[in-house]
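Asks: Quick one: this structure, given as structure tokens, is what I'll be asking you about.
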Amino acid sequence: MPRNAATAVRVALVGFRSDENSSFLRGAAEAPPLIRSALWSESSNASTESGVELSEANVHDAGDFAPTPGAAAGDAFFPTIERAIAGLLDRNLAPISLGGDHAITYPILRAFARRHPRLSILHFDAHPDLYDEFEGNRASHACPFARIMEEGLAARLVQVGLRTINAHQRAQIERFGVEAIAMKDFREGRPIAFDGPVYVSFDMDGLDPAFAPGVSHREPGGLTTRQALDVIAGVRVPILGADVVEFNPRMDPTGITAMVCAKLVKEIAGKMLGEVS
């Protein structure tokens, strides 16, 4: 398509500084400002691999949202997230959300489903995040895709990079008809075909910790950064929105993972800006 068609889409960056639904470690709430800083760092530039140039003209910064300090685990912050995303969609902006833990994806998809009821999800993760509940919390970051599929917020869920599937989550995969691509079965160069628009949810622990050590749940044996980028580049339908979640700056003293997050945001934005949704 002609390059000037990129002006048909405008991306919005929005941060959700929430990790109260995290298990094991906190810290993901600190990520959004660091991802932004890495994205616009002078150590790199704003040109994507597809040739799209990111700028203030095509990337709107919607700022950050945060729960009340000291908020307990649960869904109290979810209506704020849902309203924020709905407001961006109402302005014809394509949101890329910066987490925060993975619990934020559920309210984001509630907002998307009102406009795009047949949306497919491309989900990168070491974990299926399909628990019915985790440690007594149905709003946990281990549960968002169970809530999404229960409510019919997506027509299709494709998960890539999985390597910690237990018996309960296998049952959930079967229950919801999830297309789960375990890392042991992943093959480079094999595109994933979609027949309708896609939402990308990228948990940073989907990457091998050699490439993204700044996560709370390090799971060896994951995707390389290039493999993940190639899967995204291979999507041949419009990407309408995305999130990049579970970056924990407390586990990233050298800033490597922040730069990887920024690279993912940049290339996803380039895909979105190069399409007419």
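Just so you know, all these numbers are worked out from the coordinates, no wet-lab data involved. Because the structure is a prediction, the values reported are computed rather than measured. A quick note on method: Cβ atoms are made from the backbone with ideal geometry, for glycine too, and the neighbour counts reach across all protein chains shown.
Asks: Taking 0.36 nm per intervening residue step and subtracting the Cα-Cα distance, what contour gain separates Ala72 from Glu42 on full extension?
Replies: Working: separation 30, 0.36 × 30 = 10.80 nm, distance 3.79 nm.
Length gained, Ala72 through Glu42: 7.0 nm.
Asks: As a test of the formula, what do you get for the chain when each DSSP H run with n ≥ 4 contributes -39,500 (n - 2.57) and the sum is divided by the residue count, at 222 nm and rounded to the nearest 500 deg cm²/dmol? Provide the component values of the computation, followed by the final result.
Replies: Working: 7 runs with 77 residues, N = 277.
Estimated from H runs of four or more residues: -8500 deg cm²/dmol.
Asks: In nanometres, what is the gap between the two model label sites at Lys184 and Ser23, each 7 Å from Cα along Cα-to-Cβ?
Replies: It is 2.1 nm.
Asks: Normalising by the residue count of the chain, find the relative contact order in percent from Cα pairs under 8 Å and 6+ residues apart.
Replies: Normalised by residue count, the contact order of the chain is 26 percent.
Asks: For the range 56-120, evaluate the Debye formula with one uniform point scatterer on each Cα (no solvent term) and list log10 I(q)/I(0) at q = 0.16 Å⁻¹, rounded to two decimals.
Replies: -0.56
Asks: While we're on this one: Between exposed GluC sites (Glu not before Pro) in the chain, where DSSP calls loop and at most 14 other Cβ atoms lie within 10 Å, what's the longest gap?
Replies: Details: sites that count: Glu42, Glu49, Glu56, Glu133, Glu135, Glu151, Glu188.
My reading of the result: 189-277 is the longest stretch.
Asks: Just in the range 157-237: which trypsin sites (Lys or Arg not before Pro) are loop by DSSP and have at most 12 other Cβ atoms within 10 Å?
Replies: Arg187, Arg236
Asks: Then there's this: Taking the Cα centre as origin and putting +1 on Lys and Arg beta-carbons and -1 on Asp and Glu beta-carbons, what dipole magnitude results for the chain, to the nearest 20 debye? Don't skip to the end; give the middle numbers.
Replies: Details: 27 positive and 35 negative charges, 118 e Å.
My answer is approximately 560 debye.
Asks: Fewest Cβ neighbours within 10 Å first, please rank Thr164, Thr105 accordingly. Please report the intermediate quantities before stating the final value.
Replies: Details: Thr164 15, Thr105 30.
Taking fewest neighbouring Cβ atoms as first place, the list is Thr164, Thr105.
Asks: What does the net charge come to around Arg36 if you take all other residues with beta carbon closer than 13 Å to its beta carbon, with K and R at +1 and D and E at -1? Spell out each step's value before the answer.
Replies: Numbers: positive: Arg17, Lys266; negative: Glu30, Glu56, Asp61, Asp64.
With Lys, Arg at +1 and Asp, Glu at -1, the net is -2.
Asks: Still on this structure: What is the magnitude of the charge dipole of the range 83-163 about its Cα centre, with +1 placed on the Cβ of each Lys and Arg, -1 on the Cβ of each Asp and Glu, and no other charges, expressed in debye to the nearest 20? If you can, show how the numbers build up before the last one.
Replies: Values: 10 positive and 9 negative charges, 97 e Å.
Charge dipole, the range 83-163, about its Cα centre: 460 debye, nearest 20.
Asks: Moving on to the next point. Give, rounded to the nearest 20 debye, the magnitude of the charge dipole that the range 225-277 has about its Cα centre when Lys and Arg contribute +1 at Cβ and Asp and Glu contribute -1 at Cβ. Each step should come with its number before you reach the end.
Replies: Values: 6 positive and 6 negative charges, 23 e Å.
For this selection, approximately 120 debye.
Asks: Just to confirm the filter: which trypsin sites (Lys or Arg not before Pro) across the range 35-137 are DSSP coil and have at most 14 other Cβ within 10 angstrom of their Cβ?
Replies: Working: sites: Arg36, Arg83, Arg91, Arg110, Arg114, Arg115, Arg118; in loops: Arg91, Arg118.
Those that pass, being in a loop and sparsely packed, are Arg91, Arg118.
Asks: To continue, here is another question. Match the structure shown to one of the listed values (1) 11; (2) 30; (3) 52 of percent of Cα pairs over 33 Å apart, computed from it, and give that label.
Replies: (1)
Asks: Sticking with this one: I want the antiparallel fraction of DSSP beta bridges within the chain, as a percent rounded to 5.
Replies: Values: 3 of 38 bridges.
Of the beta bridges lying entirely in the chain, close to 10 percent run antiparallel.
Asks: Working out 0.36 nm times the residue gap between Arg236 and Glu49, then minus their Cα-Cα distance, what length gain in nm do you get to one decimal?
Replies: Full extension of this stretch gives 65.7 nm more.
Asks: With both bridge residues required to lie in the range 60-212, what share of the DSSP beta bridges run antiparallel, to the nearest 5%? Walk me through the numbers before you get to the answer.
Replies: On the way: 1 of 15 bridges.
Percent antiparallel among DSSP bridges in the range 60-212 is about 5.
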